[in-house]
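The values are calculated or read from the model by the stated rules, or taken from the named source; none is laboratory data. In this text the structure is predicted, and so the values were computed from the model without any measurement. Using ideal geometry, Cβ is built from the backbone for each residue, glycine included, and neighbour counts are taken over all protein chains shown.
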């Protein structure tokens, strides 16, 4: 059985999730809530290969060009004898623990531990879920957050990904359960299966965790690299009410989140470059904004941020001059 989720209801009851399919628009339903509106819009964008950016910019994915480039790069690695070394590098995952200090952290949350898993791409590396569990070992954390990109492929069946995710949920010890968001490789049909296995999905919505009469807030957005809508902006408006941690797939909302009063911004997406030159200089950052925040810890104004290097790999299962990572964040008061 998955761990129980000890989370309160979202602050704004309009973000509640119906116990029906996210794409079920039966005639007997008089009201369509925000989750359903999101699902219909996301489904349309996915089927039309449409990507949207902040300030209304729109375009379409050109997957055939990207796939051709990746095949060419893989061939170059193979003929130069570097491919197998890159695969070994990708399987070498580390566990890093970070202490994050905040002057306004509620006292009862001092030492609160957050396991941060990002960019798993579970179909890209065989046995990755087992590696994650063995690396974490017997550690028990207060909360586990997953910041998107559970698969490598952009379309198709998800059942094999759900099996791997269920293995993680069953084998990771998290006192307050699991929170998740979607990345740009994930589709809207993944939300309900993930929630059924015990992962509370924050789709442009928020929730609270309470301890000893105090509480902190988690705000989760949909992916903002390909699927930005102003719903992501509006959900961040809740940040001013509580000590707030934003879960966003990429660092591209860094400025808006800081303006809204977010205290901690957790993200991934970039893989820290995944393939870098010596010294960690990335060949590609894959960001439209916030390119300076493509890896590690950073600050913007009064907001702290952490961009995970990710656990898995995207495109080709190799890494050079980067390392996949599992993060545990410890919240500390001053």
Residue check for residue 293: in contact with a helix residue (DSSP H, G or I) (Cβ under 7 Å, 6 or more places away or on another chain) and either in contact (Cβ under 8 Å) with a residue 24 or more places away in the chain or closer than 21 Å to residue 118 by Cα (or both):
yes
*Before we move on, is residue 148 surrounded by fewer than 24 Cβ atoms within 10 Å (Cβ to Cβ) and either touching a helix residue (DSSP H, G or I) at 6+ places or on another chain (Cβ under 9 Å) or closer than 28 Å to residue 53 by Cβ (or both)?*
no
Selection over the stretch 73-98 where residues are at pLDDT 85 or above and farther than 30 Å from residue 141 by Cα yields a count of 12
Picking from 183, 177, the residue that is over 29 Å from residue 287 (Cβ atoms), touching a residue at least 24 places away in the same chain (Cβ under 8 Å) and crowded, with 18+ Cβ neighbours inside 10 Å would be 177
When every residue in the stretch 244-254 that is part of a strand (DSSP E or B) and out of contact with any helix residue (DSSP H, G or I) (no Cβ under 8 Å at 6 or more places or on another chain) is compared, the one surrounded by the fewest Cβ atoms within 10 Å (Cβ to Cβ) is 247
Across (1) over 17 Å from residue 221 (Cα atoms); (2) under 16 Å from the mean Cα position of the chain (by Cα); (3) at pLDDT 90 or above, residue 286 clears everything bar (3)
Being touching a residue at least 12 places away in the same chain (Cβ under 8 Å) and either within 19 Å of residue 113 (Cβ to Cβ) or touching a strand residue (DSSP E or B) at 6+ places or on another chain (Cβ under 7 Å) (or both): is that true of residue 246 here? yes
How many residues of the stretch 118-140 are within 23 Å of residue 306 (Cβ to Cβ) and either touching a residue at least 24 places away in the same chain (Cβ under 8 Å) or crowded, with 24+ Cβ neighbours inside 10 Å (or both)? The answer is 16
